[in-house]
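Read the figures in this text as sums done on the coordinates, not as results from a lab. Note that the coordinates shown come from a computational prediction; the quantities given were computed from them, not determined experimentally. So basically every Cβ, Gly included, is an ideal-geometry build from the backbone, and we count neighbours across all protein chains shown.
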Amino acid sequence: LADALAGTGVFLKTNALVRANGYGFIKEVRSRGLRPFVDAKFFDIENTLKRDGILLGPYAPDLVTVACVSGVKAMMALRKQLPKATRILGVTILTGLEESECVDIFGMSLQTAVRRLATLAVRAGLDGVVVAPKEIGMIRKQFGSALTINTPNVRPMWAKVRRDDQNRGRSMTHIDALRAGADTFITERIV
């Protein structure tokens, strides 16, 4: 896959591959002409995210994700340890969650939780957020261009995804997500 995409400017999402092969795998991705995206969804306290940043920093991935529920101080600690060229995206509410699960976990609606978590991403100085397509318009309206909006869970209306782990009620087509204000799509191919 990497060889077929070399030189196209796409990011290669390396969450499971980095876990299996270590951070050195980031250099392998870059050597093949792709931009490494470490979708680790880092989630921990300030000191631990600082250490994560120290360990990851020398590999300088293009994109990294952090869970907004880690809090502003922890996200800032990660930010300080990574190169300025590394863009950090705050993951708000996982796109597989449904409204009732969000209420069970956070005690509030999906929309309220997404807005609150995106606010934390802004306060931490992150580059963007990851939100489900159905939340794009709300986040764009609230934050304008202060954050990039990156979204998984985009697919054609007719698509039937085998073993789909996404909440279809929060998905959109690619064109609808663009119209709502998405900057980037995050799609997956299991390797």
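Distance between the C-alpha centres of region 6-52 and region 95-140: 23 Å, rounded to the whole angstrom.
A Stokes-Einstein calculation at 25 °C with viscosity 0.890 mPa s, built on the Kirkwood radius of the chain over Cα pairs, returns a diffusion coefficient of 144 µm²/s. Between the amide H of Gly96 and those of Asn167, distances stay under 5 Å, these residues lying 5 or more places away or on another chain, with hydrogens modeled in the peptide plane.
Ordering 137-150, 55-68 by mean Cβ neighbour count within 10 Å, with the highest value first, yields 55-68, 137-150.
Relative contact order of region 14-64: 42 percent, from C-alpha pairs under 8 Å at least 6 residues apart in sequence. Label-to-label distance, Arg51 versus Ala16, with points set 7 angstrom from Cα along the beta-carbon direction: 2.7 nm. Derived scalar couplings between HN and Hα for region 65-70 equal 10, 9, 6, 4, 5, 5 Hz in order, rounded to whole Hz, by the Karplus curve 6.51 cos²θ - 1.76 cosθ + 1.60 (θ = phi - 60°), x for Gly and Pro. Applying the Karplus relation 6.51 cos²θ - 1.76 cosθ + 1.60 with θ = phi - 60° to region 143-153 yields 3J(HN,Hα) values of 10, x, 9, 5, 9, 7, 10, 10, 9, x, 6 Hz, where x marks Gly and Pro.
Here region 35-93 is treated as a Stokes sphere of Kirkwood radius computed over C-alpha pairs; at 25 °C and 0.890 mPa s its diffusion coefficient rounds to 226 µm²/s. Kirkwood hydrodynamic radius of region 16-117, from the reciprocal of the average inverse Cα-Cα distance over all distinct pairs: 14.5 Å. Rounded to the nearest whole Hz, the Karplus-based 3J(HN,Hα) values (6.51 cos²θ - 1.76 cosθ + 1.60, θ = phi - 60°) of region 115-128 follow the sequence 4, 5, 5, 5, 4, 5, 4, 5, 4, 7, x, 6, 7, x, with x at glycine and proline. Proximity of backbone amide H atoms, modeled 1.01 Å from N, is registered between Phe43 and Ala67 at under 5 Å, excluding neighbours fewer than 5 places apart on the same chain.
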